[in-house]
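Working notes, beginning with the structure itself.
The values are calculated or read from the model by the stated rules, or taken from the named source; none is laboratory data. Because the structure is a prediction, the values reported are computed rather than measured. Cβ sites come from the backbone with ideal geometry, for glycine too, and all protein chains shown count toward neighbours. Surface areas here come from the heavy atoms of the whole protein model, side chains and all, with no ligands, DNA or RNA. Shrake-Rupley method; radii C 1.70, N 1.55, O 1.52, S 1.80 Å.
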Amino acid sequence: MKRATCKVLYYISRTKILKDGTIPIYIRMTINGQRAEFGLQRSILEDQWDNSLGKVKGSDKASRELNSYLEFVKSNILLKKRELEESGKEVSAHLLKNYYLGIDNSGRTILGIFKEHNDKCRGLINKDFAPGTIDRYETCYRHLSVFIKTKFKREDLLLNEISPMFISDFEYFLKVTRSCCHNTATKYIKNFKKIIRIALANGWMKADPFANIKFHLDDVDLDYLNESELNALINKEFKIERVNQVRDVYLFCCFTGLAFVDVKSLCQDDIEEREERLWIIKRRQKTKNWCRIPLLAPAVCLLEKYKGHPQRVKTGLLLPVPSNQRMNAYLKEIADLVGIEKNLSTHTARHTFATTVTLANQVSIEVVSKMLGHSSINMTK
């Protein structure tokens, strides 16, 4: 391939006088008759510039240093031009300018790649990904989009603009502006890291902004109901029907250990009778592991209670389960009404099953692990 001719010259823009009276210095590259130019973030007084030589007049220290910098930039540009030629690319003035400045010539943006990733994952729901996983990536995408608009006043950023400082600022935004706890913010940052890995693997980024960043999760003691609190919840009656329904769904999870997403999709096909006892035999959506749970009497009563419920007749699902967000909101109200000073959520029911309902009644941890559908007993421990 024929090498492109390249001319580099400096000039001052006399129409752009700065507040201190100096004039900015610009560099112009001409390749095969095409021009590209940009400012050097340097400026001088007009009478200090030699227009014919394209350099600073004088031999004082400041003039010598500025002229040395101009020579350094010119040498660097010619070096970048050679790198482009050796990579087999057809060099243009615009391409060389962007390459020197570190601008992504592919035009790929971080939100663009993130959206492509989410679209592909959405097509693999219940194949390679659980719906909850896609929801987390979608939420992370929305947080990132708002962060870019808030911090940079732009709709998107090029890949080369993602730096370690960007990641640090994004984490701060999640914790302060979005009020995420440390563990939640860290999980979103890990979701974001996967997008960066995709860009690196495809050669769209040269440097890894996560190279020196390490993650840690804080240990969390999750709440669960003890026996007296569980009985208080069972015996409490509420005047509002939808609050009663939320309490009943929560209690069903306490006596089965099902996660929210699994109880929400529970249908008659998941119930089997073996040796005169009803069992839930269901594959967990999160881990794809099978869980086999004997239905205790309280859980059977709850299923009977909603046997003729309109929602069950319409959808075929065994319990009227609201959205996770709405259910957690109601659970906080229920805890206040019952006098339970714990942060109830759909997941505390699973912990209640593991502790108060099973382990406290001498059920072995190996059996509990199988019922919870854990991948290993270490997860249960």
Residue match in the range 120-141 (condition: more than 26 Å from the chain's Cα centre (by Cα) and not basic (Lys, Arg)): no
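Do we have Tyr11 as more than 30 Å from Ile134 (Cα to Cα), within 42 Å of the chain's Cα centre (by Cα) and of a type outside the set (Gly, Ala, Ser) here? Quick ask: steps written out before the conclusion?
Numbers: more than 30 Å from Ile134 (Cα to Cα): yes; within 42 Å of the chain's Cα centre (by Cα): no; of a type outside the set (Gly, Ala, Ser): yes.
Criteria not met by Tyr11.
Looking at the range 256-268 only, could you name the residues that are crowded, with 23+ Cβ neighbours inside 10 Å and either over 30 Å from the mean Cα position of the chain (by Cα) or β-branched (Val, Ile, Thr) (or both)?
Narrowing the range 256-268 to residues crowded, with 23+ Cβ neighbours inside 10 Å: 256-258, 263.
Correct list: Thr256, Val263.
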Count of residues meeting criterion [open to solvent by less than 100 Å² (accessible area, probe 1.4 Å), farther than 13 Å from Leu66 by Cα and either polar (S, T, N, Q) or assigned to a strand (DSSP E or B) (or both)] in the range 5-25: 9
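Which of the residues that make up the range 184-207 are assigned to a helix (DSSP H, G or I) and over 14 Å from the mean Cα position of the chain (by Cα)? Explain how you work it out, then say what you get.
Keep residues of the range 184-207 that are assigned to a helix (DSSP H, G or I), which gives 184-201.
Across the range 184-207, the qualifying residues are Ala199, Leu200, Ala201.
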Condition met for Thr352 (within 34 Å of the chain's Cα centre (by Cα), surrounded by 16 or more Cβ atoms within 10 Å (Cβ to Cβ) and part of a helix (DSSP H, G or I)): yes
So Ala130, is it aliphatic (A, V, I, L, M), closer than 27 Å to Asp262 by Cα and in contact (Cβ under 8 Å) with a residue 24 or more places away in the chain: yes
Subset of the range 1-51 (residues that are on the phi > 0 side of the Ramachandran plot and at pLDDT 85 or above): Gly21, Gln41
Filter result for the condition that a residue is surrounded by 14 or more Cβ atoms within 10 Å (Cβ to Cβ), out of contact with any Gly (no Cβ under 7 Å at 6 or more places or on another chain) and part of a loop (DSSP other than H, G, I, E, B), over Phe210, Phe215: Phe210
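Of all residues in the range 151-175, count the ones that are part of a helix (DSSP H, G or I) and either closer than 23 Å to Glu116 by Cβ or open to solvent by less than 80 Å² (accessible area, probe 1.4 Å) (or both). First the steps, then the outcome.
Step one: list which residues in the range 151-175 are part of a helix (DSSP H, G or I), which gives 151-152, 159-161, 164-175.
Those still in the list that are either closer than 23 Å to Glu116 by Cβ or open to solvent by less than 80 Å² (accessible area, probe 1.4 Å) (or both) too: 151-152, 159-161, 164, 166-171, 173-175.
Residues flagged as part of a helix (DSSP H, G or I) and either closer than 23 Å to Glu116 by Cβ or open to solvent by less than 80 Å² (accessible area, probe 1.4 Å) (or both) within the range 151-175 amount to 15.
Would it be correct to say that Val363 is in a loop (DSSP other than H, G, I, E, B), among the aliphatic types (A, V, I, L, M) and modelled with pLDDT under 85?
Numbers: in a loop (DSSP other than H, G, I, E, B): yes; among the aliphatic types (A, V, I, L, M): yes; modelled with pLDDT under 85: yes.
Spelling it out, Val363 is indeed in a loop (DSSP other than H, G, I, E, B), among the aliphatic types (A, V, I, L, M) and modelled with pLDDT under 85.
Check every one of the helices (runs of 4 or more DSSP H) wholly within the range 275-343 and list those with 3 or more residues that are touching a Lys or Arg at 6+ places or on another chain (Cβ under 6 Å) and open to solvent by less than 60 Å² (accessible area, probe 1.4 Å). Break it down stepwise before answering.
Values: elements: 297-305, 310-315, 324-338.
Passing ranges: none, list empty.
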The one condition in (1) at pLDDT 85 or above; (2) more than 21 Å from Val357 (Cα to Cα); (3) among the acidic types (Asp, Glu) that Asp262 fails to fulfil: (2)
Search result, residues across the range 29-70 that are assigned to a strand (DSSP E or B), open to solvent by less than 70 Å² (accessible area, probe 1.4 Å) and in contact with a helix residue (DSSP H, G or I) (Cβ under 9 Å, 6 or more places away or on another chain): Met29, Thr30, Ile31, Ala36, Phe38, Leu40, Ile44, Val56
